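Rule-based calculations on the coordinates, nothing more; no lab input. For clarity, every value in this text was computed on a predicted model and none was experimentally measured. Reconstructed Cβ throughout: ideal geometry from the backbone, glycine too, with neighbour counts over all protein chains shown.
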Amino acid sequence: MIKVIFVGLKFDYGNPSSGYSYEYINFFDTLARMDGVKATLFPFDEIMRQHGRDEMNRQLLATVDSVQPDICFFFLFTDEIKKETIRAITENGTSITLNWFADDHWRFHEFTQHWAPLFRWSVTTDREAVEKYHRIGCRNVIVSQWGFNHFLYKQLAHTQVYDVTFIGQAHSNRKKIVHALKRSGVPIECWGSGWRNGRLSQEEMVALYSKSKINLNFTESSISWRIKPMVKLLLSRRADDSLHLKTGGEMAAHFLTLLSKRRGQIKGRNFEIPGAGGFLLTQDATGLEEYFVPGRDIAVFSTVDELLEKIQHFLTHEEEREKIRQSGQERALKEHSFQCRFKSIFQKILP
């Protein structure tokens, strides 16, 4: 039996009113249901709101000392967990410390490089970041990828009532693309922060994937020269909603991030949609072909014109769309659940 303490947000961005976090739904819930794994949740956001940052860190050390886990699996948010806390757990040697770094495509220089050396192992979803880890002396880095919780993401509907849908925040140029599609006559509906329809519950989101003929996914990051990123240049928000002025070095690193070239980033939706029985039409991203075969498991676009062309094609070619949908679902279930990801990671890090 592998004993794991999962140290992550329980609620979305630490806000209880927003429901459970991505990490809780996909990471902890998967770990808690896996055979051969005994998972303990340490919800640092919830504890920090109740008792403050110092007491939360003290409780984490006490929990590790009591449980004596084989693995302390972290999913950091900002600096809620103190560096000395992580260092103490790592140097104790009883537990293997590991952190899943979520956004190395754009967050490595301002965040990851300062935190990765504290852990015994790091996981990144950005293959191009491996050399960056090596340059800061971190050799124990695992390239993995997002996935989906196959215990929760299931095909919940067999009747498709929507033509084209998108679920996600209305950042970057997404509204511009959606408006262009609507002007071309595409019947598209969107849900999430910033859209008229608002947010969906977890259950509603999963059901919508299989209720839609075409599920869209965009792969660009949310970093841009807008008000919110500019505020983040100066201030950092912790999971208890407290704001802290960044240091000069942190401000400089964030400024360089704003200046950096954007890269398409594989998203969780790339796996959730096929896994839940939906047809996926996704914007391209580096390395996506390693996980699905375009044209066989999923459909891929690069430009708005190509997106419009493929929407029109797949709305009128039901048999082809259904064949791709089934192939994508089969491959997702076989290879891309978070259970598959975690089993592979544990095999690498455990003696």
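General observations
- C-alpha long axis of helix 174-183 to longest principal axis of the chain, angle in °: 10 degrees
- Filter on Lys175/Lys213; Lys3/Lys348; Lys3/Lys343; Lys10/Lys343; Lys154/Lys213 - keep pairs with C-alpha separation over 19 Å: Lys175/Lys213; Lys10/Lys343
- Computed over the chain, relative contact order equals 16 percent, with contacts defined as Cα pairs under 8 Å that lie 6+ residues apart.
- Phe218, Phe346 arranged by Cβ crowding within 10 Å, fewest neighbours leading: Phe346, Phe218
- Normalised by the number of residues in region 273-351, the average gap of Cα pairs under 8 Å and 6 or more apart makes the relative contact order 39 percent.
- Isotropically averaged projected area of the chain, using the convex hull of Cα atoms (one quarter of hull area), nm²: 17.3 nm²
- On Cα atoms only, tilt of 318-335 relative to the major axis of the chain in degrees: 20 degrees
- Count Lys and Arg as plus one, Asp and Glu as minus one, and take only other residues whose Cβ is under 11 Å from that of Val123; the net charge is then 0.
- All Cα-Cα distances of region 18-142, cut into 10 Å bins from zero to the largest, leave 12, 42, 38, 8 percent in each bin in turn.
- Coil-residue chymotrypsin sites (Phe, Trp or Tyr not before Pro) of region 108-151, DSSP, other Cβ within 10 Å capped at 14: none
- Ranking of Tyr291, Tyr20 by neighbouring Cβ atoms within 10 Å, starting from the fewest: Tyr20, Tyr291.
- Cut-off 15 Å between beta-carbons: net charge of the residues surrounding Phe342, Lys and Arg +1, Asp and Glu -1: +1
- Descending semi-axes in whole angstrom, ellipsoid equivalent of region 111-164, from the Cα gyration tensor: 38, 12, 9
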